[in-house]
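Below you'll find the structure, written out as structure tokens, and then a few comments.
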Amino acid sequence: MSSNLDTWSLCETEFAVRNNRHYEGLLAIGSGPLQQRASLEEGLRDDPQNVEYLRIMGNVTVEKFRDFKSRVGTYLPGITGPHPTCLDQMLNLPALHGLTVYANGERLDMENGRISQYERRLDLRTGRLSRKFVWKTRHGNTLRVSFERFISAKRRHLMAQRCRVEHAGGPVAELRFIGTLDADVRTNGYDHFKSIDITGEQEPVTIRVRTDGGADVAVAAVMACDRDIRRSVETAERWAGMTGFHVLDSGQSITISKFAALTSDHHARKKPIEAVRRYVWEAVSAGYEKLATESDQVWAERWARTDVVIEGDEKSQLALRASLYHMLRAASEDDRRRAIDAKGAAGEAYCGRFFWDTEIFMLPLFLYTRPEVGKMLAAFRVHSLDGARRNAKRYGYPGARYAWESAASGDENCPGWQYADHEVHVTADVAYGLWHAYLTNPGDAAFLAEIVEVLFETARYWCDRVTYRPETDKYELLMVMGPDEYTPFSRNNAYTNYMARFALRTALDAWSELKTADAEAATSIATRLGVSDADMRHFAEIADRLRFPYDKARKLVLQADDFDSTEPFDADRWWPDRTKRVAACVSQERLYRSKILKQADVVQLMALAPHEFDTDHMRAAYDEYEPLTSHDSSLSKAMHAIVAAWIGRDDEALRWWDESVGLDLEVGEAAEGIHAACAGANWQVAVFGFAGIRSRVQSDVLWIDPHLPRRWKKLRFPFVWDQQPLVITIEHDGVTIEHSGSAALEANIAGATQTLPPGKTTRVALSAGR
């Protein structure tokens, strides 16, 4: 790669309508509660956002979405409404970003105008989205135009935006700017707005929306200019615009600023309409530059605790920073009412719902960089426990059964019965994530008490979900779908059974810890839930006797007892074009009866439990299952990269890494939103895979066993272990750990036991040929 690559910017250098939706997703901006796709400020002609249609969700991995030029999206994740077929979904709310420019009556048009020197750029360091180009108008003007906007990381319900036009040649330019708020939008083709009230007599213009989910949403905007402009306000049924008019001579420039705010009664302490008015007037008082500076500072603090530096591979560096940016953008830092949805609030493909992605793929990044944020993300499952209880009751079980596609309430909203009914491992994944969060945030007895309640309720579910086989004296889990969604209705899926066993045992471990920390709280929870000593013995009995399919002779964990009964898959016949996902070429019926995997399943288990499976187990699993894996899921390649690194398959690990970390950068992949779980998993490949660190679930001491790719010179990242902040540097000849905490740490580095003193830097040499 060229040494001139900017590893802090995603850049589009040629506008093409066919790629526009991809860049809307890839360059999405936001900061926690407010998220926005990177749609053009002026929009596109013949591209209405109010088209209504009925979406029937299928396999989203290969679903063909409507071919719009753009999909404007403005979201407050957690604000949802009922869809006729997609069920509860995150709502596309009134658009804030509209800023249309006219020159002598000609509207700026990226598709049909005479545009040159085009560049659209997302600064990953600050979350600022910019665009610049030269526009030659029909009237003979040469105008240099630039846009910039950002969602404030400091004032997180505020968008700041500006447009600068420089007259570079030609006759006088009569310019007109229209800054808009637009409620004429749909979510997956459906209108969720029950009432719309607009005020437009004076600035700020406002729109108040009542959604069919019962939310009161308000948006306000004001416009400012560095020159005197003639102003007016226009309104329509669902639209409000602020117009500014100015005549610009050659050599002059003009800058328009727009400040817009969006909130709801779920977020604002006061009435939302009052809150947004206050937000925008405060923004005007502060000014664009101050707003940008204070937002940049928040982003700098985030990156200081998160950035992973890769020396020697600029392409990987940029791609990983893109993944980290989207995680930082989408995270709810102080609100346990939601997690990060599957598309990172950059699109509507998964309707803003929450999967096992949170616990298994995204959570570790935060737990080891900003543990307090990780704990907040994990606590979403505490908040949504009542929904999980309702799910269990609907299925006829006691306790709590977490949803495969969870609404913010915790209720199951997966339209596909095969996933909703059978992909039950998510309930154990939740237990894993909560315990992981506690281990990285120890000493919080109140949080531990909340976790114990969840774990007891999920344990009660598992006790009723298993089937006892007296002939083998074993418990079994029947008719389950593991992580591999192309092998449904399995008997004793190894991943599911292992995780269920983990959840049962962890319920007892957490209870024991709580009794020590707060005996009164422990007794209260057990009494309130009706969990007796006999129940706890039953948890232990099932965990000890739950079948785990394993071929001792081959040291091979079997994906399921019945996996080998499926039909061999003739890939050359049924999947000749490997540029397409297999599910786009083969019917679901054939996939379900064939020996082909969607994604890592046993390999996924190996990545989660290196402390329980040695390299022989990993190698056997990798060699058995990888050739059968289609990697249709964006979650698959990262897990294969981790395991390949651990077993010494360096070239394969790097190939999986390249394909995983570069996924969203491939044109078209981010059109319906980024792959959030993949973004989180990419951090795991760098830190758990190539740096060789084990998680707190996997090791009581800091464990580092590096597998640095040959083309990388150095890997450096911040890392928090047992509440102690570290900076870890991996090089081919050694490991360096800068310990800026207050307590000594025990470590195992490349097999050698070390004590890391606080306030010191420790370097451990690595033997050649590792």
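Could you list, in sequence order, the residues of segment 326-357 that are within 24 Å of ASP307 (Cβ to Cβ), in a loop (DSSP other than H, G, I, E, B) and basic (Lys, Arg)? Within segment 326-357, just LYS343 meets the criteria. All conditions in (1) open to solvent by less than 80 Å² (accessible area, probe 1.4 Å); (2) over 35 Å from the mean Cα position of the chain (by Cα) hold for ILE542, with the sole exception of (2). Of all residues in segment 375-401, those satisfying the criterion of being in a helix (DSSP H, G or I), closer than 12 Å to ARG336 by Cβ and open to solvent by less than 60 Å² (accessible area, probe 1.4 Å) are LYS375, MET376, LEU377, ALA378, PHE380, ARG381, VAL382, LEU385.
Just checking, does segment 407-430 include any residue being open to solvent by less than 10 Å² (accessible area, probe 1.4 Å), out of contact with any strand residue (DSSP E or B) (no Cβ under 7 Å at 6 or more places or on another chain) and acidic (Asp, Glu)? Within segment 407-430, one or more residues are open to solvent by less than 10 Å² (accessible area, probe 1.4 Å), out of contact with any strand residue (DSSP E or B) (no Cβ under 7 Å at 6 or more places or on another chain) and acidic (Asp, Glu). Within segment 37-56, residues that are more than 27 Å from ARG149 (Cα to Cα) have Cβ atoms under 8 Å from residues that are assigned to a loop (DSSP other than H, G, I, E, B) and small (Gly, Ala, Ser) in these pairs: GLU52/GLY189; TYR53/GLY189; LEU54/GLY189; ARG55/GLY189, counting only partners at least 6 apart in sequence or on another chain.
Checking the stated criteria, ARG176 turns out not to satisfy the condition of being under 21 Å from MET159 (Cα atoms), touching a residue at least 12 places away in the same chain (Cβ under 8 Å) and open to solvent by 50 Å² or more (accessible area, probe 1.4 Å).
VAL17 falls short on exactly one of the conditions (1) open to solvent by 20 Å² or more (accessible area, probe 1.4 Å); (2) under 22 Å from the mean Cα position of the chain (by Cα); (3) in contact (Cβ under 8 Å) with a residue 24 or more places away in the chain, and that condition is (2). For segment 431-485, the set of residues classified as assigned to a strand (DSSP E or B) and either open to solvent by less than 30 Å² (accessible area, probe 1.4 Å) or among the hydroxyl-bearing types (Ser, Thr, Tyr) (or both) consists of THR467, TYR468, TYR475, GLU476, VAL480, listed by residue number.
Selection of strands (runs of 3 or more DSSP E) fully inside segment 170-266 by the criterion of at least 3 residues being touching a strand residue (DSSP E or B) at 6+ places or on another chain (Cβ under 7 Å) and at pLDDT below 95 returns 230-235.
Looking across segment 542-575, the residues that are in a helix (DSSP H, G or I), more than 30 Å from ALA446 (Cβ to Cβ) and free of Cβ contacts under 8 Å to residues at least 60 places away in the same chain come down to ASP544, ASP564, SER565, ALA571, ASP572, ARG573, TRP574. Taking residues in segment 284-298 that are free of Cβ contacts under 8 Å to residues at least 40 places away in the same chain, and partners anywhere that are surrounded by 13 or more Cβ atoms within 10 Å (Cβ to Cβ) and hydroxyl-bearing (Ser, Thr, Tyr), the pairs with Cβ atoms closer than 9 Å and at least 6 places apart or on different chains are GLY287/SER257. Looking at THR369, THR427, just one residue is in contact with a Lys or Arg (Cβ under 6 Å, 6 or more places away or on another chain), under 28 Å from SER660 (Cβ atoms), polar (S, T, N, Q) and part of a helix (DSSP H, G or I), and that residue is THR427. Within the option set ALA445, ALA420, ALA408, being under 20 Å from the mean Cα position of the chain (by Cα) and of a type in the set (Gly, Ala, Ser) holds for one residue only, ALA408.
Only residues that are in contact with a Leu (Cβ under 8 Å, 6 or more places away or on another chain), β-branched (Val, Ile, Thr) and over 17 Å from SER695 (Cβ atoms) were counted in segment 709-729, giving 1.
Among the residues making up segment 156-183, those that are among the acidic types (Asp, Glu) and under 39 Å from the mean Cα position of the chain (by Cα) are GLU166, ASP182. For segment 29-39, does any single residue satisfy the condition of being outside any strand (DSSP E or B), closer than 21 Å to ARG186 by Cβ and of a type outside the set (Lys, Arg)? Yes - at least one qualifying residue is present in segment 29-39. Evaluating VAL276 against the criteria (1) open to solvent by 50 Å² or more (accessible area, probe 1.4 Å); (2) modelled with pLDDT of 95 or more leaves one unmet condition, (1). Might you let me know whether segment 349-366 holds any residue that is aromatic (Phe, Trp, Tyr) and open to solvent by 10 Å² or more (accessible area, probe 1.4 Å)? Scanning segment 349-366, I find at least one residue that is aromatic (Phe, Trp, Tyr) and open to solvent by 10 Å² or more (accessible area, probe 1.4 Å), so the answer is yes. Answer yes or no: is there a residue in segment 57-77 that is open to solvent by less than 30 Å² (accessible area, probe 1.4 Å) and at positive phi. The answer is no; no qualifying residue exists. Contact map, segment 246-261: first residue farther than 13 Å from ILE178 by Cα, second residue of a type in the set (Ser, Thr, Tyr) and open to solvent by 30 Å² or more (accessible area, probe 1.4 Å), Cβ cut-off under 7 Å, separation 6 or more or different chains; pairs are ALA261/TYR279. Flag: ILE196 matches the condition of being within 17 Å of THR80 (Cα to Cα), of a type in the set (A, V, I, L, M, F, W, C), free of Cβ contacts under 8 Å to residues at least 60 places away in the same chain and surrounded by fewer than 21 Cβ atoms within 10 Å (Cβ to Cβ). Quick one: in segment 550-593, of everything that is of a type in the set (S, T, N, Q) and crowded, with 17+ Cβ neighbours inside 10 Å, which residue is nearest to SER695 (Cα to Cα)? This residue is GLN559.
Scanning segment 255-275 for residues that are in contact with a Cys (Cβ under 7 Å, 6 or more places away or on another chain) and among the basic types (Lys, Arg) yields nothing. Listed conditions (1) assigned to a strand (DSSP E or B); (2) surrounded by fewer than 16 Cβ atoms within 10 Å (Cβ to Cβ) are all met by ARG138, apart from (1).
Checked against the criterion of being out of contact with any His (no Cβ under 6 Å at 6 or more places or on another chain), in contact (Cβ under 8 Å) with a residue 24 or more places away in the chain, open to solvent by 20 Å² or more (accessible area, probe 1.4 Å) and of a type in the set (Ser, Thr, Tyr), segment 93-113 has at least one qualifying residue.
The values are calculated or read from the model by the stated rules, or taken from the named source; none is laboratory data. Computed from a predicted model, the values in this text were never measured in an experiment. Quick reminder, even Gly has a Cβ in these numbers, built from the backbone with ideal geometry, and neighbours come from all protein chains shown. We work out accessible area using only protein heavy atoms, side chains counted, and drop any ligands, DNA or RNA first. Shrake-Rupley method; radii C 1.70, N 1.55, O 1.52, S 1.80 Å.
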